[in-house]
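Trainee: Could you have a look at this structure, given as structure tokens, before my questions?
What follows draws every value from the coordinates through simple rules; no lab data is involved. All values derive from a computational prediction rather than experimental measurement. With ideal geometry, Cβ positions are generated from the backbone for all residues, glycine too; neighbour counts draw on all protein chains shown.
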Amino acid sequence: MTLPDPEDLLDALYAQLKPRVTAETALVGIYTGGVWLMEKLLARLRAELGYTIDSGKLDAAMYRDDYTRRGLKSAAQPAFIPFDVNGRHLILIDDIFYTGRTTRAVMNELFDYGRPAKIELAVLINRGGAQLPIRPDISGADLPLQAEQAFELSMNTQGRLQLRLTSAATESSGAARHV
Amino acid sequence: MYNPQLNTQGQLQHLLSIEGLPKRILNEILDTAENFVGVAEREVKKVPLLRGKTVCNIFFENSTRTRTTFEIAAKRLSADVLNLNVSTSSQSKGETILDTVNNLIAMHADIFVVRHQQSGAAHFIAQHVPPHISVINAGDGRHAHPTQGLLDVFTIRKYKPELHNLRVAIVGDVLHSRVARSEIHALTTLGVPEIRVIAPLTLLPTDVEKLGVQVFHNMEHGLKDVDVVMMLRLQNERMSGALLPSSQEFFQTFGLTPERLALARPDAIVMHPGPMNRGVEIDSAVADGRQSVILPQVTYGIAVRMAVMALLGGGNAA
């Protein structure tokens, strides 16, 4: 498979994201890759809108359904939701959509902050394989992948996104994880 | 070397004392606790990690504060909590510790939080529980109070993140204090270069220097230029014999007053594990003053206890 340039996918995602953003919208990035993407999307929105929309970051490690099997991921990152979620339109930003379990965990965590009016899901790549009735609302690309393979998004020292295809068994630990 | 606190994968299985725990585990607990600090500020102050698990607080020795903070920590993790005050219960009817513990195992408890007046009680229980049960020492005799030591270093790290650059003084009744022992082990393991203990000779254990501390018998010398002052409670209930002339005299010589605190660095923080004896080891003006972080210690204590239980309660499959 020839891998697309993730910066091109980000352009495609931004084009779909922008018309959905209103004064009520806040972006919530899912660690780690989703937060990188969110920062880039926020910068573009700020440049076009002339103001900064609210944003937060979540990891949802405390809401994952594999805790009893795998324990707590020790490198979990603190949640940061510096705005009132009640009545807000939230757009979750993640890098790769796969099983939908991370999205479920993130939504459960968000509801412990309050009751959003609407939640949408924006991802860079939808690789297929959902195990729950959850699908992205918008994606940079739909690229179906075999179960034993995985996309790995990373960011180089210049802040440029890079995409790599790995076999699931050899996923490196330094990059974003997508389960 | 066999370490009863770690499982075969080197992960935390029981928390019995800070002594013997590697720096990696201490940092894992402290980093995990960072995630739990924010939970108390949300609309729903709960996360679902320990849903369906039972935490049993077995207190052979009375304690309201420690038991309450363990209870609230377990409840914020969604666990069911059972509080057993054994000092007023079956033991007074003659039941042995192991019979009490076996009964709780039969009730399918998952985590035991144990406080006992005898040093080593938590170790003893940990050796006798099946592998799916974890034991947390909530204070055993004069030996250890590891979650207090952890919450103290967590609090220090919050205010003074550069631990490798700190000068810390621990003041008061070190002899009877399991808190002091746990604090000293936590601070040395995390690389704090200078730890002082300030106490009268009668309230210091023999060979205390072997723990890696400098000993002072004089507040004016000991507090000079320290970054952190950790006060200890004068443990009247553990005193036997004439170790002290009187609590008033103790305050005269070792009480933390504003004048003495002024000898420390201007940005020094003041800590106390509670409950405080105002006018005995600490002056109210200091306890309620701007350098006091005594109440944040309580708040962080919940996050640290949540972290310990969350790390113990999860699966260990790699």
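Trainee: Just in the range B:1-83: which chymotrypsin sites (Phe, Trp or Tyr not before Pro) are loop by DSSP and have at most 16 other Cβ atoms within 10 Å?
Mentor: In loop regions of the range B:1-83 (DSSP not H, G, I, E or B), the sparsely surrounded chymotrypsin sites (Phe, Trp or Tyr not before Pro) are B:2.
Trainee: Taking the convex hull of the Cα atoms, report for the range A:1-77 its projected area averaged over all directions, in nm².
Mentor: Mean projected area of the Cα convex hull: 7.2 nm².
Trainee: While we're on this one: Just name one of B:165, B:256, B:231: the one whose Cα is farthest towards the positive end of the charge dipole of the range B:146-293 (beta-carbon charges, Lys/Arg +1, Asp/Glu -1).
Mentor: The Cα lying farthest towards the positive end belongs to B:165.
Trainee: For the range B:134-197 and the range B:243-271, what is the centre-to-centre distance using only Cα atoms, to the nearest Å?
Mentor: After rounding, the separation between the Cα centres reads 19 Å.
Trainee: Could you work out, residue by residue across A:79-90, how many beta carbons of other chains sit within 10 Å of that residue's beta carbon, and then give the average as an integer?
Mentor: Taking the mean over all residues of the peptide, I get 1.
Trainee: Further question on the same structure: With charges only on Cβ, +1 for K and R and -1 for D and E, what is the dipole size of the range B:146-293 about its Cα centre, in debye, rounded to 20?
Mentor: About 280 debye.
Trainee: Something else now. Just add up the charged neighbours of residue A:93: K/R +1, D/E -1, any other residue whose Cβ is under 11 Å from the Cβ of residue A:93.
Mentor: -2
Trainee: Something else now. Work out the mean other chain Cβ neighbour count within 10 Å for the residues of B:110-117 and drop it here as an integer.
Mentor: 0
Trainee: Run lengths n ≥ 4 of DSSP H only: what is the helix-derived mean residue ellipticity at 222 nm for chain A, with -39500 (n - 2.57) per run over all residues, to the nearest 500?
Mentor: -7500 deg cm²/dmol, from helical runs alone.
Trainee: Now for a separate question. Which residue, A:143, A:13, A:41, tops the fluctuation ranking in a GNM of chain A built on C-alpha contacts under 10 Å?
Mentor: Highest fluctuation among the options: A:143.
Trainee: Further question on the same structure: If I model a spin label as a point 7 Å beyond the Cα along the Cα-Cβ vector, how far apart are those points for residue B:128 and residue B:46 in nm?
Mentor: Spacing of the two 7 Å Cα→Cβ label points: 3.4 nm.
Trainee: Follow-up. Quick check: Cα centre of the range A:1-69 to Cα centre of the range B:216-236, how many Å?
Mentor: Centre-to-centre distance over Cα atoms comes out at 50 Å.
Trainee: Now, a different point. Starting with the fewest neighbours, write out B:66, A:68 ranked by other beta-carbon atoms found within 10 Å of each beta-carbon.
Mentor: A:68, B:66
Trainee: Taking the number of other C-beta atoms within 10 Å as the exposure measure, put B:152, B:225, B:283, B:207 in order starting with the fewest.
Mentor: B:207, B:225, B:283, B:152
Trainee: Here's something else I'd like to know. Write down the Kirkwood hydrodynamic radius of the range A:43-96, to one decimal in angstroms, obtained as one divided by the mean of 1/r over all alpha carbon pairs.
Mentor: 13.8 Å
Trainee: Separate question: If you average the sequence gap of Cα pairs under 8 Å that are 6 or more apart and divide by the length of the range B:146-293, what percent do you get for the contact order?
Mentor: Normalised by residue count, the contact order of the range B:146-293 is 24 percent.
Trainee: Kindly give the semi-axes, whole Å and largest first, of the ellipsoid equivalent to the protein assembly as shown, taking each as the square root of 5 times a Cα gyration tensor eigenvalue.
Mentor: One finds semi-axes of 47, 27, 20 Å for the protein assembly as shown.
Trainee: Quote the relative contact order of chain A in percent (integer), defining contacts as alpha-carbon pairs under 8 Å separated by 6+ residues.
Mentor: 24 percent
Trainee: Over the protein assembly as shown, what is the percentage of antiparallel beta bridges among all DSSP beta bridges, to the nearest 5?
Mentor: Beta bridges within the protein assembly as shown, antiparallel portion: roughly 15 percent.
Trainee: Sticking with this structure for a sec: Treating the beta-carbon of each Lys and Arg as +1 and of each Asp and Glu as -1, no other charges, what is the dipole magnitude of chain B about its Cα centre, to the nearest 20 debye?
Mentor: Dipole about the Cα centre, nearest 20: 540 debye.
Trainee: Take the alpha carbon gyration tensor of chain A, find the square roots of its eigenvalues, order them as a ≥ b ≥ c, and report rounded if a/c is under 1.5; if not, report prolate when a/b exceeds b/c, else oblate.
Mentor: Oblate.
Trainee: While we're here: Taking every pair of distinct Cα atoms and averaging 1/r, then inverting, what Kirkwood hydrodynamic radius in Å comes out for the range B:146-293?
Mentor: 15.0 Å
Trainee: Kindly work out what percent of the DSSP beta bridges joining two residues of chain A are antiparallel, to the nearest 5.
Mentor: Counting only bridges with both partners in chain A, antiparallel ones make up about 25 percent.
Trainee: Can you give me the P(r) profile for chain B? Cα pairs, bins 20 angstrom wide beginning at 0, each as a whole percent.
Mentor: Once binned at 20 Å, the Cα pair distances of chain B give 33, 57, 9.
Trainee: On average, how many beta carbons from a partner chain sit within 10 Å of the beta carbon of a residue in A:65-71?
Mentor: Mean partner-chain Cβ count within 10 Å for A:65-71: 6.
Trainee: In whole percent, what relative contact order does chain B give with Cα contacts below 8 Å and a gap of six or more residues?
Mentor: This gives 19 percent for chain B.
Trainee: Sort B:217, B:164 so the one with the fewest other Cβ atoms within 10 Å of its own Cβ comes first.
Mentor: By the 10 Å Cβ count, ascending, the order reads B:164, B:217.
Trainee: Further question on the same structure: Rounded to the nearest 5, what is the percent of antiparallel bridges among the DSSP beta bridges in chain B?
Mentor: Looking only at bridges with both residues in chain B, the antiparallel portion is about 5 percent.
Trainee: Here is a follow-up. Under the rule a/c < 1.5 gives rounded, and otherwise a/b versus b/c splits prolate from oblate, where does the range B:1-145 land using the Cα gyration tensor?
Mentor: Oblate, since a/c reaches 1.5 and b/c is not below a/b.
Trainee: May I ask for the net charge around residue B:33, where only other residues with Cβ less than 14 Å from the Cβ of residue B:33 are counted and Lys, Arg are +1 while Asp, Glu are -1?
Mentor: 0
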